[in-house]
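The values are calculated or read from the model by the stated rules, or taken from the named source; none is laboratory data. In this text the structure is predicted, and so the values were computed from the model without any measurement. Positions of Cβ are generated from backbone atoms using ideal geometry, with glycine treated the same way; all protein chains shown enter the neighbour counts.
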Amino acid sequence: MFMEERQKDIVTRVNETGRILVSEIQSLYQVSADCARRDLRLLEGRGLLQRTHGGAIAAAAKGAQPEKMYNPRDLPKVRSDYLAVAKRAISYIKRQDIIYITTSGVGYYMALNLPEDLEVTVLTNSVTTADALRTRENVSVILLGGEMSHRGHCHDFYTVQMVNNIRIDKAFLSHTALSLEFGASIHSSSGVDFGKAVMKKSSINIGLYPSEKIGRDSIHCVCRAEDYDLIITDENVSEDFLAQAREAGIACDVVKLQEE
């Protein structure tokens with residue numbers, strides 16, 4: 001089998017099953033591990049798949065537009081990668097911390113999994129997250145209000161003004177996409193000033209990015225990847241991203257996913 005045929009077959013298998021291991025490539029095509037990794041590296045460079053530790057997964061659509069009415073509460077099932085990142089994020093919270101929780105699905109999972117004995121103050125501009133926490137006696141909720149979007153988020157001028165008058169110990173942020181070249185980016189320009197304001201007021205900024213968000217670019221840049229004190233992702237993240245992040249001095253915490 002020619003190299004081009006092998007690589008085409010690898011892409012077909014990844015698209016059909018969602019993933020492939022280096023060991024599978026070795027067995028299927030009788031090639032060395034170095035050859036298998038080289039195939040995956042070349043295919044990733046062409047945007048046909050995304051390399052992970054020990055293999056590859058199907059490539060995510062670049063900058064996919066989020067649904068206008070999307071709400072993490074309506075997800076049909078729990079996303080294991082988002083949940084793993086959320087739980088690791090919680091491990092960085094200390095008693096009496098004042099934290100900001102992102103409006104994304106990762107943030108919603110954080111809210112649902114905050115320990116009952118952890119006393120914290122949570123800032124959120126998501127009515128969904130605020131509602132999930134409103135009955136928790138150990139959590140003091142500050143809802144950052146303003147003009148609300150159809151997704152139940154506030155990030156306009158009035159929301160930014162509230163942020164400017166609050167001290168934050170740790171901000172847990174997640175945006176549509178993250179790349180080392182363009183940074184953290186979103187589709188709507190209205191959220192840029194809000195994101196910048198939160199990071200400016202927070203002592204520690206932690207980026208929560210499941211691997212499917214990494215290596216992608218949206219439209220409007222919120223911050224550089226280097227502006228995060230830490231990035232939490234999962235083990236399916238590209239090996240190249242981790243290597244380049246280390247070279248740039250960006251701290252990454254990679255979470256292992258549980259077997260399904």
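Taking the condition within 22 Å of ASP156 (Cα to Cα), part of a strand (DSSP E or B) and not basic (Lys, Arg), does GLY207 pass?
Values: within 22 Å of ASP156 (Cα to Cα): yes; part of a strand (DSSP E or B): yes; not basic (Lys, Arg): yes.
When the stated conditions are applied, GLY207 passes them.
Checking the structure you have, find out if any residue of the range 154-163 is within 24 Å of ASP74 (Cα to Cα) and in contact (Cβ under 8 Å) with a residue 60 or more places away in the chain.
No, there is no match, as no residue in the range 154-163 is within 24 Å of ASP74 (Cα to Cα) and in contact (Cβ under 8 Å) with a residue 60 or more places away in the chain.
Name the residue that is modelled with the highest pLDDT, counting only residues in the range 38-60 that are over 22 Å from the mean Cα position of the chain (by Cα), surrounded by fewer than 18 Cβ atoms within 10 Å (Cβ to Cβ) and not in a loop (DSSP other than H, G, I, E, B).
Here the answer is ARG38.
What are the residues in the range 180-197 that are small (Gly, Ala, Ser) and either surrounded by fewer than 19 Cβ atoms within 10 Å (Cβ to Cβ) or touching a helix residue (DSSP H, G or I) at 6+ places or on another chain (Cβ under 6 Å) (or both), if any?
GLY183, SER188, SER189, SER190, ALA197
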